[in-house]
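Just passing along the structure, written as structure tokens.
The values are calculated or read from the model by the stated rules, or taken from the named source; none is laboratory data. This is a predicted model, so every value here is computed, not measured. Positions of Cβ are generated from backbone atoms using ideal geometry, with glycine treated the same way; all protein chains shown enter the neighbour counts. Please note that ligands, DNA and RNA were not included when accessible areas were found on the heavy atoms of the full protein model with its side chains. Shrake-Rupley method; radii C 1.70, N 1.55, O 1.52, S 1.80 Å.
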Amino acid sequence: MKNLFLIFCIVILFSIGCSSSSTKDPKNRKEEVIPVEVTRVKKELMRIEISTVGTVFPLQEIVVTPKVAGKIEKIFVKEGDFAKAGDILIKLEQTDFLLVVRQAEAALGTARANLANLLAGTRVEKIEQAKSALHQAQANLTNIEKEHQRMRRLADTGVVAQRQLDATIAQYESAIAQVKQAQEQLDMLKKGPTEEEIEFARAQVNQAEAGVAVARNNLMDTIMKAPFSGLITGRFVDEGTQIYTAPKTEILKLTDVSRVKVEVAVSERDFPRVRIGTPAEIKLDALAGEIFKGRVTRITPEIDSISRNFKVEVEISNPNLRLKSGMFASIRLFVGQKEVLTIFRETLITDLVTGVSYVFVTEGNQAVRRKLTLGERSGLLIEVLEGLKEGENLIIKGQNRLQQGSKVKIIQESSGKSA
């Protein structure tokens, strides 16, 4: 019984060996024919693009600070509020500023009155008063002169002491001076104000007017308004806080996001290709699946010596305020177009070890591998610089099963783009 089982096993093993031997024989193996889809290689018009990344920033943003020091009486907005251009944001206490305005206006009134008096000339009554003062001084001098002469005669005879004569002489000289002063005052009034006096009075008026303007401007600065429409994105102090101009107290942050800008870095080799107005497409990680349109509005006219990049700003409309400052953005700048041989990215095969890129074309009923030199990339398209010729059959489906020399059967020839 054991011998019979042993003979049975030997027969089975012999049968398996014969079967395996027949399979390894190339003459007994039928070569596989792989079905593929092809398209004709031809030139297409391809957009030239620059891909980069950047960050979203508001088009305008300011921190509201005071122009005059004071105490906050009222803040009319809070974080998250929308303010229109010209809306009142903050009001300071105004009592002290109103008093300064009144003082400045009073000083201006005085200066104007003085100038008006000078321009009007000397009034008749002032001249008459000066004449009367001169006559009085002259009469006083006449009386003192008589007394002076009498005292001299007495002094010559030794009747009066020298000190009495000296006192009379002093009175006499004082009377002469008074007459001279009265005469000069009368002459000045008759001539009227000099040109220098009028100019000085005008300067005082101008100075007073400037003082009023400054005081009124300071009063106006106690009311702080929104310079543009936007969102209140920060509030840093409360009502009743004393604020200063040195250093400036930060009160509110106002952000305009009706339009936003994306700041991106572009390689120096692309500097000649980027222009103001260059169209762009923007994708945001926070708003996946959406594409936003924009244009280049600013190009920094210098290249960073370390990064070898230059900065570009792309402006985007933001009517629904969905784009927020700080968002990460992927940008494509469209800098031109050219007619080139192209392929779809999905057609390309890349060797993960060597990094060599290749495709398959058909020659007769065989697949032939072609190593490619690639150029520009635009979306799903890749420019082919070397490795393909116009008119060849490019395998676009089934290529992942192929090897050099694989037998193929074309089951469909695409009439669409080759790329």
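Tell me which of these F328 doesn't satisfy, since it passes every other one: (1) free of Cβ contacts under 8 Å to residues at least 60 places away in the same chain; (2) surrounded by fewer than 18 Cβ atoms within 10 Å (Cβ to Cβ); (3) touching an Asp or Glu at 6+ places or on another chain (Cβ under 8 Å).
Unmet for F328, out of (1) free of Cβ contacts under 8 Å to residues at least 60 places away in the same chain; (2) surrounded by fewer than 18 Cβ atoms within 10 Å (Cβ to Cβ); (3) touching an Asp or Glu at 6+ places or on another chain (Cβ under 8 Å): (1).
While we're on this one: Only residues that are charged (D, E, K, R) and within 30 Å of V63 (Cβ to Cβ): list them for segment 83-134, please.
Correct list: K84, D87, K91, E93, D96.
Go through segment 208-251 residue by residue and tally those that are over 24 Å from P58 (Cβ atoms), in a strand (DSSP E or B) and among the aliphatic types (A, V, I, L, M).
Residues in segment 208-251 being over 24 Å from P58 (Cβ atoms), in a strand (DSSP E or B) and among the aliphatic types (A, V, I, L, M): 2 in total.
Scanning for something assigned to a helix (DSSP H, G or I) and not hydroxyl-bearing (S, T, Y), does segment 90-97 turn up at least one residue?
yes
Do we find that L321 is in a loop (DSSP other than H, G, I, E, B) and at positive phi in this structure?
When the stated conditions are applied, L321 passes them.
Quick check on my filter: what residues within segment 166-197 are at pLDDT below 75 and in a helix (DSSP H, G or I)?
If the condition is that a residue be at pLDDT below 75 and in a helix (DSSP H, G or I), then Q185, L186, D187, M188, L189, K190, K191 are the ones that fit.
Which pairs do you get when a residue that is small (G, A, S), found in segment 275-294, comes within reach of a residue that is open to solvent by 70 Å² or more (accessible area, probe 1.4 Å), reach meaning Cβ atoms under 8 angstrom, with the pair 6+ apart or on two chains?
If the second residue must be open to solvent by 70 Å² or more (accessible area, probe 1.4 Å), the pairs left are G277/R295; A280/K293; A280/R295; A286/K324; A286/F328.
Then there is this: Please pick out the residue among R275, R308 that is among the basic types (K, R), on the phi > 0 side of the Ramachandran plot and either under 21 Å from the mean Cα position of the chain (by Cα) or open to solvent by 10 Å² or more (accessible area, probe 1.4 Å) (or both).
Every option except R308 fails the conditions.
Do you know which residues across segment 342-371 are among the charged types (D, E, K, R) and touching a residue at least 24 places away in the same chain (Cβ under 8 Å)?
R345, E346, R369
Consider segment 53-85. How many of its residues are under 12 Å from A226 (Cα atoms) and of a type in the set (S, T, Y)?
1
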